[in-house]
Amino acid sequence: MKLKPTLFALALVAGLALSGCGSDKKDAAAPAAAGDAATAVAPATTAAPATALPPPPQLNARSFIVIDHESGRVLAALEPDSRQEPASLTKLMTAYGVFKALKENRIKLTDMVTISEHAWRPATKESLMFVELGKEVSVENLIQGMIVPSGNDATVALAEKVGGTEETFVQMMNTYAKQLGMTGTHFMNAAGMPDPEHYTTARDTAVLASALIHEFPEYYKWYSQKEFTWNGITQQNRNGLLWRDPTVDGVKTGHTDTAGYCLVTSAKRDGMRLVSVVLGTASMRAREDASSALLAYGFNFFETKRIYAAGQPLTTMRVWKGKQDEVGLTVGRDLYITNQRGHVSSVKADFELPETLVAPLAKNKSVGKAKIVVDGQTIATYALFPTAGVPAAGFFGRAWDSLRLLFH
């Protein structure tokens with residue numbers, strides 16, 4: 001089965017390089033013939049000349065990136081696609097797999113996990129939750145032990161719970177990476193142990209962090225937890241920005257001698273969320289200072305606005321042989337663009353639609369595509385879905401439409 005990136009991941013990996021912000025309203029467009037494009041235009045104000053955008057900060061890191069969480073636009077980057085060692089940033093994908101299992105009811109937070117020798121005796125004891133061999137620990141406590149003190153033992157125990165073995169779980173991790181469009185990433189273990197075939201990129205890590213926040217908001221809360229106590233031992237979160245910046249609510253630190261000091265950070269200010277990734281700095285302080293500089297640059301010089309609301313019909317189309325004659329088409333989620341502050345531009349959607357639309361129609365089955373165009377540049381393409389399912393008409397209704405289609 002061919003893997004398809006999720007709609008949210010497509011927005012993040014689309015390579016957005018846009019220059020406009022638009023209105024929340026638009027005019028509906030008429031249906032288009034197959035292969036043609038209909039257009040919905042968002043009212044726009046003539047673009048005002050923007051002041052010169054300052055260059056991104058110069059940082060002492062091997063690689064970095066900062067993106068807007070909603071639109072996926074890259075605001076600043078250095079070697080974002082270069083292959084890097086992720087160290088404990090790997091645990092973001094481990095968490096993604098665990099959260100997915102929770103959401104699909106394959107495991108529960110209250111499930112008890114018996115600590116195996118493989119989990120109790122991880123490859124490195126640099127980061128531990130300090131679980132005990134043969135003891136039972138709840139999934140919820142293991143998650144906190146993986147996130148807050150970055151426990152390798154807790155991480156392996158969770159991988160075994162979800163996958164049966166760590167090896168099987170790692171295959172799941174690589175499958176999820178492909179689904180998210182993480183083309184520069186490959187995992188060999190769940191905790192981030194060094195391996196020549198265990199690697200990622202700053203861009204891929206930003207995609208993963210944003211997907212985790214977007215898909216699992218109910219579990220993301222643990223990334224802002226400052227300390228965790230287990231087995232009589234209290235350990236603090238290693239993300240020092242949780243204390244330095246009240247707008248920061250995650251995400252994850254990483255370090256090995258070869259990877260250097262790494263940090264994925266997310267912060268939300270005035271409704272705008274940014275995600276930064278800094279890889280290969282010289283110290284804990286250096287990774288925090290670099291992350292702070294990237295966040296400040298993004299928040300100071302860019303803004304994000306919603307251009308279409310979730311479920312809002314972008315266009316309508318005639319339905320044949322259905323119990324209704326017309327249906328709205330939507331992307332099913334809020335769409336945003338990010339641009340330099342104070343600059344306003346035109347926004348429209350171009351549509352690729354079939355020549356005819358015949359019932360029955362399922363709400364979750366794609367019937368076309370929408371290309372979001374800002375200042376004449378296509379920034380992303382999304383699948384279009386009916387705003388509601390359309391059941392087939394009765395016998396006479398179908399027969400009448402069949403006759404009409406002969407002359408359509």
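The values are calculated or read from the model by the stated rules, or taken from the named source; none is laboratory data. Keep in mind it's a predicted model, so treat the numbers as computed, not measured. All Cβ positions, glycine included, derive from the backbone under ideal geometry; neighbour counts span all protein chains shown.
Cβ-Cβ contacts under 8 Å between residues 6 or more apart (or on different chains), taken from a first residue in the stretch 158-187 that is at positive phi and of a type outside the set (D, E, K, R) to a second residue that is part of a helix (DSSP H, G or I) and crowded, with 20+ Cβ neighbours inside 10 Å, are listed as Gly181/Ala9; Gly181/Leu12; Gly181/Val207. Restricting the stretch 328-386 to residues that are of a type in the set (A, V, I, L, M, F, W, C) and either assigned by TED's automatic domain parsing to the domain that holds Ile67 or not in a strand (DSSP E or B) (or both), which is surrounded by the fewest Cβ atoms within 10 Å (Cβ to Cβ)? Step by step, filter the stretch 328-386, then rank; the result is Ala362.
Summed over the stretch 135-154, residues that are touching a Phe, Trp or Tyr at 6+ places or on another chain (Cβ under 8 Å) and either over 14 Å from Asp111 (Cβ atoms) or outside the structural domain of Thr94 (by TED's automatic domain parsing) (or both) total 7.
Does the stretch 195-211 contain any residue that is in the same structural domain as Lys108 (by TED's automatic domain parsing), touching a residue at least 12 places away in the same chain (Cβ under 8 Å) and assigned to a strand (DSSP E or B)? Scanning the stretch 195-211, I find at least one residue that is in the same structural domain as Lys108 (by TED's automatic domain parsing), touching a residue at least 12 places away in the same chain (Cβ under 8 Å) and assigned to a strand (DSSP E or B), so the answer is yes. Scanning the stretch 395-408 for residues that are touching a residue at least 60 places away in the same chain (Cβ under 8 Å) and among the small types (Gly, Ala, Ser) turns up Gly397, Ser402. When Ala157, Ala119, Ala77, Ala95 are checked against the criterion of being touching a strand residue (DSSP E or B) at 6+ places or on another chain (Cβ under 6 Å), in the same structural domain as Ser210 (by TED's automatic domain parsing) and under 25 Å from Thr229 (Cβ atoms), Ala157 stands alone in meeting it.
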